[in-house]
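Only the coordinates and a few stated rules stand behind these numbers; no lab work does. Not measured: the values here are computed from a predicted model. Positions of Cβ are generated from backbone atoms using ideal geometry, with glycine treated the same way; all protein chains shown enter the neighbour counts.
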Amino acid sequence: MHRRTLLTGAMSLGVAAPALGQTQPIEIQFWHGLAQPLGGLLEKRCTDFNATQTKYKIVPTFRGSYPETMVAAIAAFRANSAPHIVQMFEVGTGTMMNAGRAVKPVHELMAETGTTIDFDDYLPGVRGYYSLSDGRMMSMPFNSSTTVVWYNKDAFRAAGLDPDKFPETWQALAEALPKLKGAAGTEVPMSTAWLTWAQIENFSAIHNIPLATLANGFGGLGTELQINNPLVQRHMGNLVDWQKNGLFRYGGRNNAGEPAFPSGQAAIMFTSSGFRARVSREARFNWGVAMLPYYQGTPGAPINSIIGGASFWVMNKGPAAGGGRSADEFKGVAEFFKYISQPEVDAQWHMDTGYVPVRRASYAIARDKGFYRDNPGADIPIEQLLRGGGVLTDNSRGIRLGGFVEIRTIMEEELERAFQGQQTAEQALAAATSRGNQVLRNFQRANRG
Amino acid sequence: MSATIDVEALAAASRRRRMRERVLTHLSLILGVAIFALPIWITLIGSTHDTDTIGRGDVPLLPGGEAWNNYAHAWSQGGGGRNTFAVPASTMLWNSFIMAMLIAVGKIAISLLSAFAVVFFAFPLRMVFFWMIFITLMLPVEVRIIPTFQVMTSLSLIDTMTGLTLPLIASATATLLFRQFFLTIPDEYVEAAKIDGAGPLRFFKDVVLPLSATNIAALFVILFIYGWNQYLWPLLMVTDRDLETIIVGLTKMIGIGDTQNEWNLIMTTAVFALLPPVAVVVLMQRWFIKGLTETEK
Amino acid sequence: MRKKVIFRGAALPYLLLLPQMAVTLVFFFWPAGMAVWQSAQREDAFGLSTEFVWFENFTDLFHDPIYLNAAWNTVIFSTSVAALALGAALFLAVQADKQIRGAGLYKTLLIWPYAVAPALAAVLWLFIFHPSIGLVGRAFAAIGITWDFRVNGGQAMTMVIIAAAWKQVSYNFIFFLAGLQSIPASVLEAAAIDGARPMRRFWTVVFPLLSPTAFFLLVVNLVYAFFDTFGVIHALTRGGPGNATETLIYKVYVDGVQNLNFGSSAAQSVVLMIIVIGLTAIQFRYIERRVHY
C-alpha cells in the first residue's frame, strides 16, 4: 500500500511536472471598443476570468471607438495578426457574418471545444440578432441595449398630463406635444438621439413591418431596403412637421442629442436604455422611463424592439489556410465565453452598467436582488424586448445588412436634408432607399466569394 | 502773404490726414490682432473656470479662480467627460514632443544627406533618385492614408512611435529646400576644399553644415510645428492611450454629445497644446520668417 | 541645374541617399502603389475575395452625386478659405507695412496662429460658436438668429471656412509683408510723385509687384484647403449635416475607415493625387520662372 501510494504519488508527480513546468498561460488577445468607464468594467470581467484559472490569460485592449476597432481588426487580419476576440457593434454584424474564413462561428467553437452554453435561456431578441436562421450562434452576445423613452415627469405634471403614464400611442403623444411646449422650463417637447435606430429601425420592428426584404437581410445578400413605406413615411413626415412647429428638435448624429434631456431642454428623449446612468446623475427633475409608442391601428403592433450594443466575434489569425489558431487558443476563448455567460456574471454586468441582461436567468437574479425595486423603470427595456410574448417575427429578429454603417449614415444624411427643409420626408426616404440599395448591391458583389 | 497761409493750411491738412491714416492703420491692426487673439483669450479664460459656469452658458470674459485646479487636474489626470478615457496632459505633451522632435530632426538629417549627394556628386541614376524624392511632394500623407495604414499593420508598427513618425519623414520638402540652397554655394568653396585635400565628408562637416545653419533653424521650426500639429495620421495609428498625442487627444475629449463635456479641462488642454509650438514660433521668429520667405520651398 | 565642380565617389553618394530612399520606398511608394492597385479592385472588407475591375471604381465615382457634391464642397470651401485668408492677410500686411510704431509687435502678434494645429483651431472656434455655450453662438441666439450648425448645412460650412481660414492668415501675412518690404522705395516714391491717390497707387503699382507672391500663396492656400483641413472638418462637423461639409479628403477617410470600401477610397486618393500633382506642377513652373527676375 505504501509502495502503491508512493508509486502513484511519483507517477502523478511525473504527470504534473510538465504541467507545472509550463508556467506561461496562453494569451488571448481581446480588442474592445468601450471607452471609460464601461471599458474599465469590461476589463474587470477579464481580470476576474483570469483569476479563476491559470491556463489562459485574456489580454484586453481598448482599440478606439467601434468603427476604429473594426477597421483595426480588419487591417490586422489582412496582416496575419488578428486578435482572438474582437468586440463588434451590432451594426457591423452583416459584415462579420459574411467574413467567411476570417471568423470562427461561435457554434463551431462550442462544438470543437466541447463547451456548452445554454443559449435557449437567452432573450430571443438578443439571441436572434447574432445567430443564423436555424438558431446556431455566430457571435457571443454581451452588451446589449434597446431604445426606450425618457421623459421629464415635472414637465408632464406642469402640462396637465399624468406624469406616471407616458402615452402608449403616437396619436396620444401627438396630442400631448403642444401642451408640453415650455412646460417646467423645457425648450422643446421632444427630441431624439440615434435617429435611425430609434425612429426607423426599432420603429419598424415594434410595428412588425419589414425594414428590408428577405427578413431584414437574414435571408440573403439579395436584400433591398423597404423603408419607403406608408407608415414610415407618415412617421418621418410627422417628425419633419413637428420640427417645423418647434415640437421636435433633431439633435444630431449618433447620441449628440442626448445632453438636451438631463439639462432640461427637451422633455422627451428617445435613446438607449444605457442612458440611465447619466440621467440619474445629471437630471435635476423627476424623470421616468417608458416603452416606445406605436401607431394605433397598425396590425400586430406593438411587439418586441431590437437590440443595439455589441457582441464578441472570434477571429482567425489571417487569410492563410488553416486560420493560424491552435486548439488550445480556441479552448481559452470558449472558456472565457462560458464565464461571461454565467447568469451571476451577466446580472452583475447589467446592474453595473445599464445594459440589459442577456439571459432570463440573469433577469431573475436581478429581480430577486430587488434591483428593479430600487431602480424603478430599469426593467422596462427588458420587458420591451419581451413584448409580444417573446416570439420573434421576421421583422423583429434584428437587422442583418452589409455595409450597414454606411447605410445608416445615408439615412441620416437624407433625413437631415428633410429637417432642413430641402426635401420632403418621402423624398428623403426614397433617396435613402436608392443610395442604400446601391451599398447593398456593392456588398453583395464583393462578398460573393 | 496768401502764399504763406496756403502752405501752412496745406501742411496742417496733410498732417491731419496722415494722423487719420495712422489712427486707421492702428485701428485695423488692433482689430486684426483682436480677431486672431480672441479665440486664445477665450480659451485662456475658459481654462480658469469650472465646468458648470461654462456649461450653463455664462461665457466669461474675465479670468475665474479655477486656474490652478484645472491645470493641475489636466496635467496629471486628464479630462474630457466621464465617458471618454482620460489621458493626462503630461503624457500627451510628452508624446507630441517626442513625435515632433523625431520628425523634425529625422527629416532634416536625411534631407541634408540626400541633398548633399544629389548636388555635389556625379553618379549614375542621380537624376532618377532626385525625381523619385521630388515626387513625394505630390502626395501629402492624407492622400495615401489608408494604404499607409495597411502597410504599417503589415510591419506591426501600429501604436508605436516609429510607426507614428516614419511615414511623415518620407516627404521631400526639406530635401528640396536644401538642394536649392546648396546650389547657391559658390564653386570656389568646393575647389578650395579639394585643394586642401579634404574629402567630401570633411567638406560637408566644415563648410556645408555651418553655411546651412540658418536654413536648418528655419526648417526646424517649420517641421516641429508640422509634426506637433499632425492630426489624421495619429488619429488612425494610435489607440494605445499611452501613446496619445495632444492634438488628437484634445479633439477626442469633445465627445460628439457623448457626455457633458468638461469644457474647462478641454480649454486647459488646449492651452497646453498651444504653448510649445507658439513658443517655438515666437522665439525663433527671425529664422522662421527668413526660412519661409527666402527659400520658398 | 548642375554644379561645375563636384566630387567623384563610387559608393558614397548611394550611401548618403540610402536613408531617404529607404524611407521613401517603404512609406511612400509602397502605399502609393497599393492605392493605385486597390483602386482597380473591388473587394470585401477582409480582402478574402477580390475582383479586378479596371476603371469601374473611377466611373462609379464620377456618376455618384455624393462624390460630385464633395467635389463641389471642396471647390467652395477651398476658394472661400483662400479668398478670406489671402484678403485678410493682404489687408493686414499693408497696414503693418506702413511706418508706424509697434510694427514689430503687431507682426509677432499676428504670426503666432501659424503654430496652431487646424484641428485645434477648430476646437477653439467650436468653443466660440457653440449654440449653447459659445460667445458668438449665444449672441446669435440673443439677437434672434437660429444658429445651429449641427442642423444647418450652410452655417456648418461657414464655421468650417472661418476656422480654416483663420489659421492660414499668418502664413500669408508673413509672405505679403516680406513682399511689400522688398518693393524698392524708389518705385513707391515715383508713384507718389505722380500724384496718384493711395488706393490707386496700390492697385496699379504695388499689387502687380506682389503678384508672384500672391500667385504662390494662392496655390499654397488651395493645397492647404484641400488637404490640411481634414482636422478642422473632423473636429467640427464630421462632414455633416447631410454631407454639407464633406470635402474630397474627408470622403477618402469616410469611405476607407468607416465604410470599409477600400476600392473606392483608393480611387479617390488617386484622383486627389492627380490634382495635387497638377497644382504642384503649376506652382513649380511658376516659381522656376520667378527665380529669373
**Message:** Tell me the relative contact order for segment C:58-290 as a rounded percent, counting alpha carbon contacts under 8 Å between residues six or more apart.
**Reply:** 29
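Do the sum for the protein assembly as shown: with -39,500 (n - 2.57) for every DSSP H run of n ≥ 4, divided by all residues, what is the mean residue ellipticity at 222 nm, to the nearest 500 deg cm²/dmol?
On the way: 48 runs with 600 residues, N = 1039.
After summing the helix terms and dividing by residue count, I get -18000 deg cm²/dmol.
Sort C:Met273, B:Met127 so that the residue with the fewest other Cβ atoms within 10 Å of its own Cβ comes first and the one with the most comes last. Walk me through the numbers on the way to the answer.
Details: C:Met273 19, B:Met127 11.
Placing the least packed residue first, the sequence is B:Met127, C:Met273.
Kindly state, to the nearest 0.05, the FRET efficiency for A:Asp241 paired with A:Ser280, given R0 = 25 Å and r defined as their beta-carbon distance.
On the way: r = 33 Å, r/R0 = 1.32.
The calculated FRET efficiency here is 0.15.
Of all DSSP beta bridges located in the protein assembly as shown, what percent are antiparallel, nearest 5?
On the way: 29 of 48 bridges.
Beta bridges within the protein assembly as shown, antiparallel portion: roughly 60 percent.
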**Note, ³J(HN,Hα) from phi for segment A:393-405, Karplus 6.51, -1.76, 1.60, rounded to Hz, x at Gly and Pro** = 9, 4, 8, 10, 6, x, 10, 9, 10, x, x, 5, 4
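Is the shape of segment C:1-153 rounded, prolate or oblate, going by the alpha carbon gyration tensor and its root eigenvalues a ≥ b ≥ c, with a/c under 1.5 for rounded and a/b larger than b/c for prolate?
Because a/c hits 1.5 or more and a/b fails to exceed b/c, segment C:1-153 counts as oblate.
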**Prompt:** Hey, rough spin-label estimate for A:Asp120 and A:Thr54, points 7 angstrom out along Cα→Cβ, what's it come to in nanometres?
**Reply:** 3.8
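Hey, what did chain A get for relative contact order, percent, Cα under 8 Å, at least 6 apart? Before the final figure, lay out each step's value.
On the way: 803 pairs, mean separation 111.7, N = 449.
It rounds to 25 percent for chain A.
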**Request:** Return the sequence-ordered ³J(HN,Hα) values of segment C:263-272 in whole Hz as given by the Karplus equation 6.51 cos²θ - 1.76 cosθ + 1.60 applied to θ = phi - 60°, using x for Gly and Pro.
**Result:** x, 5, 4, 5, 4, 5, 4, 5, 4, 5
**Message:** Given Cβ point charges of +1 (Lys, Arg) and -1 (Asp, Glu) and nothing else, what value in debye, to the nearest 20, does the dipole of segment C:58-290 about its Cα centre take?
**Reply:** 660
**Message:** Quick one: 3J(HN,Hα) in Hz for segment C:184-191, Karplus 6.51/-1.76/1.60 with θ = phi - 60°, rounded, Gly and Pro as x.
**Reply:** x, 4, 4, 4, 5, 5, 4, 5
**Residue-span extension gain [C:Ala10 to C:Asp194] - 0.36 nm each, minus C-alpha spacing** = 60.0 nm
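Could you tell me which trypsin sites (Lys or Arg not before Pro) in segment A:120-215 are loop residues by DSSP with no more than 11 other beta carbons within 10 angstrom of their beta carbon?
Numbers: sites: A:Arg127, A:Arg136, A:Lys153, A:Arg157, A:Lys165, A:Lys179, A:Lys181; in loops: A:Arg136, A:Lys165, A:Lys181.
Hits after loop and neighbour filter: A:Lys165.
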**Asked** Counting only residues 5 or more places away or on other chains, whose amide H sits under 5 Å from the amide H of B:Thr239 once H atoms are built in the peptide plane?
**Response** B:Asp159
**Request:** Starting from the Cα of C:Asp64, step 7 Å along the direction of its Cβ; do the same at C:Ser49; then give the gap between the two resulting points in nm.
**Result:** 2.1
**Prompt:** What shape does chain A have by the C-alpha gyration tensor, where a ≥ b ≥ c are the square roots of the eigenvalues, rounded means a/c under 1.5, and otherwise prolate means a/b greater than b/c and oblate the rest?
**Reply:** prolate
**Item:** segment B:89-295 - percent relative contact order, Cα under 8 Å, separation 6 or more
**Value:** 36
**Request:** With a point put 7 Å past each Cα toward its Cβ, work out how far A:Ala430 is from B:Glu188 in nm, to one decimal.
**Result:** 8.1
**Message:** For a quick check: with amide H placed at 1.01 Å from N, whose amide H comes under 5 Å from A:Trp194's, ignoring anything fewer than 5 positions away on the same chain?
**Reply:** A:Asn254, A:Asn255, A:Ala256, A:Gly257
**Asked** Taking the Cα centre of each part, how many Å lie between segment A:219-262 and segment A:62-119?
**Response** 30
**Fill in**
With a Förster distance of 41 angstrom and the Cβ-Cβ distance between A:Thr393 and B:Val33, calculated FRET efficiency to the nearest 0.05 equals 0.05
**Message:** Which one, C:Leu16, C:Leu48, C:Leu210, has the greatest fluctuation when you compute a Gaussian network model over chain C with C-alpha springs under 10 angstrom?
**Reply:** C:Leu16
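Count neighbours as other Cβ atoms within 10 Å of each site's Cβ, and list the GluC sites (Glu not before Pro) in segment A:136-193 that are DSSP loop with at most 15 such neighbours. Kindly include the intermediate steps, with their values, before the conclusion.
Working: sites: A:Glu168, A:Glu175, A:Glu187; in loops: A:Glu168, A:Glu187.
Answer in residue order: A:Glu168, A:Glu187.
Within 10 Å of each Cβ of A:275-284, how many other protein chain Cβ atoms are there on average?
Numbers: counts 0, 0, 2, 5, 0, 0, 2, 3, 0, 0.
That average works out to 1.
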**Asked** Near the amide H of A:Trp287, under 5 Å away, which other amide H atoms are found, from residues 5 or more places off or on another chain, if H is placed in the peptide plane?
**Response** A:Lys153
**Prompt:** Going by alpha carbons, how many degrees (0 to 90, nearest 10) lie between the helix axis of A:425-446 and the longest principal axis of chain A?
**Reply:** 20
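Looking only at other chains, what is the average number of their beta-carbon atoms within 10 angstrom of each beta-carbon in C:34-46? Intermediate results must be reported in sequence, preceding the final value.
Details: counts 6, 8, 1, 1, 3, 1, 0, 1, 3, 3, 13, 18, 19.
Mean partner-chain Cβ count within 10 Å for C:34-46: 6.
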**Request:** Quantify how strongly other chains surround peptide B:229-242 by giving the mean number of their Cβ atoms within 10 Å of each of its Cβ atoms.
**Result:** 5
**Request:** Assuming a ≥ b ≥ c are the square roots of the Cα gyration tensor eigenvalues, decide whether the protein assembly as shown counts as rounded (a/c under 1.5), prolate (otherwise, with a/b larger than b/c) or oblate.
**Result:** oblate
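Over 18 Å between C-alpha atoms is what I'm after, so list which of A:Lys181/A:Lys244; A:Lys57/A:Lys331; A:Lys55/A:Lys331; A:Lys55/A:Lys104; B:Lys107/C:Lys167 land there. Let's see the in-between values first.
Details: A:Lys181/A:Lys244 14 Å; A:Lys57/A:Lys331 12 Å; A:Lys55/A:Lys331 10 Å; A:Lys55/A:Lys104 21 Å; B:Lys107/C:Lys167 24 Å.
Check vs 18 Å cut-off fails for A:Lys55/A:Lys104; B:Lys107/C:Lys167.
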